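Read through the structure below, which is laid out as structure tokens, and then see the notes.
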Amino acid sequence: MPDRPEYELSTDASRGRLSVSGDWTVHTIGKISEQLAAEDTSGFEGLEVDCAQLGRLDTAGAFIIDRFACRSGGGTVKPVNASEQATALLKQAAELRPERDDEQNKKEFGVVDLLERTGRATMHFIDETVETLSFLGETIMAMAHIVTRPSKMRWTALVSVMEDSGLDAVPIVAFLSFFVGMVVAFIGATTLSEFGATIFTVELVGIAILREFGVILTAIILAGRTNSAFTAQIGAMRMRQEVDAMTTLGLNPMDVLVVPRAFAMLIMTPVLTLIAILFGVGGGAFVSWLALDINPTVFMNRLQSYVPIENFWVGMSKAPVFGLVVALIGCRQGLMVGGSVQSLGQSTTKSVVQALFSIIVIDALFAVFYLELGI
Amino acid sequence: MSEDIAIKVRGLTTAYGTHVVHDKLDLDVKRGEILGVIGPSGTGKSVLLRAIVGLKRPETGTVEVFDRNVTDLEGDDLREVQNLWGIMFQDGALFSNLTVRENVMVPMREHTDLPEPLMKQLADQKLRMSGLDDSAGPKFPSDLSGGMRKRAALARALALDPPILFLDEPTAGLDPITAAGFDTLVRELQSALSLTVFLVTHDVDTLVATCDRIAVLGRKKVIATGPIEELRRNDDPWIQDYFCGPRGRAAQAGES
């Protein structure tokens, strides 16, 4: 067991004398450092340290003794009765003194700070929007370039992304749409039955799924599933300097990483949306059949005659836009990853949040747009 | 005299699956010396280091540190002996989500009850000791150059003033001038803090500049130990190639 460190402070004219005993190591000095810091040192012009009783000393112990000496004016430590090692440690501590006492940089919590942070956040939001738009432009240029020269397209990457983000997402998209279709039908059935108008459940399910839910559900699943995967893949490549290596080898990261992903999403999101719509309507029909005794044939006939096909096209027209949004935000955040693990986590979070936000906002804009067109 | 031996490895056998890395290896590290461990790539220098500090469980054999058996320790016993050594990994292994200063404070937080401000000051002290500026403290490891990262890693290894220091390839990937600075630093710290240093390296210059004794690994054992002059006279072909090849001769010329 180490001995507890102790000290005795005495004054000899203007010179302080600190007699230390026990072990002064990093494991033992926790308590004593505070005591020592609280000692009154006014009037001292130098410090003698009597090490006759000193047990073990390490750099931490030497540091607090030296710090004490610093405060007691003069700042010189004169070891007395010290072993060679203790003298060396104290000398080393004196050589390594900080240039200035670190002032605590306090955090401000006032109204001014609130305003400042609000301002910063607003500017950051504007910057992000502008940069995302400029990335959109860059990506569209790169895509146009590839379209004019299809031989430069990376087909393997394209097909691989289509499989990972498209085909593999089919089960979850189908499953969730089916359940959302069921829920919409159930809610419609209970509300509409009060008016004796249960048959209108067909229109409700049809319009809701075709126009909004099919495509929104697909986009949200992709934002959670694919968007984060893009960020993590590209971010990890950035962390390991693979993107830099690519650039030096004459490969444009836009062509190699971003364009195949953008095209893959452009192609696969409508396909997934179609699947979502089919299964959503299926879920609605299933509930109508079980709970409302509307058999599937009647459901389909009514769907065909009373739900205009425009609803389907409105829904499908949004799919490629959402696909592109997911690919763009995922890739952009991936390329923004810096060197640390933390920045990868931040980027992934940001990319999912931005994707969800953009999808909902763009959907609202679409709604206004089609309303004005009267569709 | 057994009390002069800091680390005593006896009959150590380590294996990954059926691939045996060390076969009944014996090694002594004397107290207060810098022992360089060299050997061709793949002879298990780093594995030996991992086996000593308990990251790799040996199949058979014992490791004693200051006469205390440290093989197969767990829980509190392991934490206690971990205070005996600091390790600097090959590429630093600094925690990238913490600042440099916080990295150095991690072992202090874990093993001591120091007040927070003192911990900060001590961490800064350690960073200065390793030759870093005060301005490096609040930076993240990704903002530092390779040489500075190694120094920060050294500061973390020294955070608790351990009597033993393990260095895994301390100068790999550094330019010769930075590497020479690092060698001097290790040497100075070793004498100031009377450390025992176990140093794995490929760098002949580092060996010449810092090591008291050198252990050569090969054929799953330690094939030779001794000061550098003694090894130069050894007639093992690999050792001859190592010290008397072009790089070895250049280092020798630089020494004299």
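For segment B:188-203, a tally of residues being open to solvent by less than 10 Å² (accessible area, probe 1.4 Å), of a type in the set (A, V, I, L, M, F, W, C) and either more than 23 Å from A:Leu96 (Cα to Cα) or free of Cβ contacts under 8 Å to residues at least 24 places away in the same chain (or both) returns 3.
Tell me whether segment B:174-182 contains one or more residues that are part of a helix (DSSP H, G or I), open to solvent by less than 20 Å² (accessible area, probe 1.4 Å) and touching a residue at least 12 places away in the same chain (Cβ under 8 Å). Within segment B:174-182, one or more residues are part of a helix (DSSP H, G or I), open to solvent by less than 20 Å² (accessible area, probe 1.4 Å) and touching a residue at least 12 places away in the same chain (Cβ under 8 Å). When B:Ala51 is tested against (1) more than 23 Å from B:Ser194 (Cα to Cα); (2) in a loop (DSSP other than H, G, I, E, B); (3) among the small types (Gly, Ala, Ser); (4) touching a Leu at 6+ places or on another chain (Cβ under 8 Å), exactly one condition is not met: (2). Would you confirm whether or not segment A:256-267 contains a residue that is open to solvent by 60 Å² or more (accessible area, probe 1.4 Å), assigned by TED's automatic domain parsing to the domain that holds A:Phe179 and over 21 Å from A:Ile329 (Cα atoms)? No: segment A:256-267 contains no residue that is open to solvent by 60 Å² or more (accessible area, probe 1.4 Å), assigned by TED's automatic domain parsing to the domain that holds A:Phe179 and over 21 Å from A:Ile329 (Cα atoms). Note on segment B:117-156: residues that are within 23 Å of the chain's Cα centre (by Cα) and either touching a residue at least 60 places away in the same chain (Cβ under 8 Å) or closer than 20 Å to A:Gly61 by Cβ (or both) amount to 15. Would you be able to say whether some residue in segment A:237-249 is among the small types (Gly, Ala, Ser), open to solvent by 30 Å² or more (accessible area, probe 1.4 Å) and not in a helix (DSSP H, G or I)? No, that holds for no residue.
Annotation note: Cβ proximity below 7 Å between a residue of segment A:350-375 that is outside any loop (DSSP other than H, G, I, E, B) and a residue that is polar (S, T, N, Q) (sequence gap 6+ or interchain) occurs for A:Lys350/A:Gln333; A:Ser351/A:Asn227; A:Ser351/A:Ser228; A:Ser351/A:Thr231; A:Ser351/A:Gln333; A:Val352/A:Asn227; A:Val352/A:Ser228; A:Ala355/A:Asn227. Residue count for segment B:108-153 satisfying the condition of being more than 21 Å from B:Thr178 (Cα to Cα) and either more than 9 Å from chain A (Cβ to nearest Cβ) or among the hydrophobic types (A, V, I, L, M, F, W, C) (or both): 10. Within the option set A:Phe322, A:Phe299, being open to solvent by less than 10 Å² (accessible area, probe 1.4 Å), farther than 24 Å from A:Val159 by Cβ and in contact (Cβ under 8 Å) with a residue 24 or more places away in the chain holds for one residue only, A:Phe299. If you go through segment A:283-295 and keep only what is surrounded by fewer than 24 Cβ atoms within 10 Å (Cβ to Cβ) and either under 36 Å from the mean Cα position of the chain (by Cα) or without any contact (Cβ under 8 Å) to a residue 12 or more places away in the chain (or both), you end up with A:Trp289, A:Leu290, A:Asp293, A:Asn295. Among the candidates A:Ala219, A:Ala144, which residue alone is assigned to a helix (DSSP H, G or I), in contact with a helix residue (DSSP H, G or I) (Cβ under 9 Å, 6 or more places away or on another chain) and among the small types (Gly, Ala, Ser)? None of the other options fit; the residue is A:Ala219. Condition test on A:Ala69, is it open to solvent by less than 30 Å² (accessible area, probe 1.4 Å), modelled with pLDDT of 80 or more and not in a strand (DSSP E or B)? So A:Ala69 does not fit the description; no.
Yes/no per residue for (1) in contact with a Leu (Cβ under 6 Å, 6 or more places away or on another chain); (2) within 14 Å of another protein chain (Cβ to nearest Cβ); (3) open to solvent by 40 Å² or more (accessible area, probe 1.4 Å); (4) of a type outside the set (Asp, Glu):
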| position | (1), (2), (3), (4) |
| --- | --- |
| B:Leu158 | no, yes, no, yes |
| B:Val186 | no, no, no, yes |
| B:Ala209 | no, no, yes, yes |
| B:Asp212 | no, no, yes, no |
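With respect to being among the acidic types (Asp, Glu) and open to solvent by 90 Å² or more (accessible area, probe 1.4 Å), A:Glu138 fits the description. Tally up the residues in segment A:202-235 that are open to solvent by 10 Å² or more (accessible area, probe 1.4 Å) and not polar (S, T, N, Q), please. Count: 16.
The values are calculated or read from the model by the stated rules, or taken from the named source; none is laboratory data. Everything numeric here is computed off the predicted structure, so don't read it as measured data. We place every Cβ from the backbone using ideal geometry, glycine too, and count neighbours over all the protein chains shown. SASA here: full protein model, heavy atoms, side chains in, ligands and nucleic acids out. Shrake-Rupley method; radii C 1.70, N 1.55, O 1.52, S 1.80 Å.
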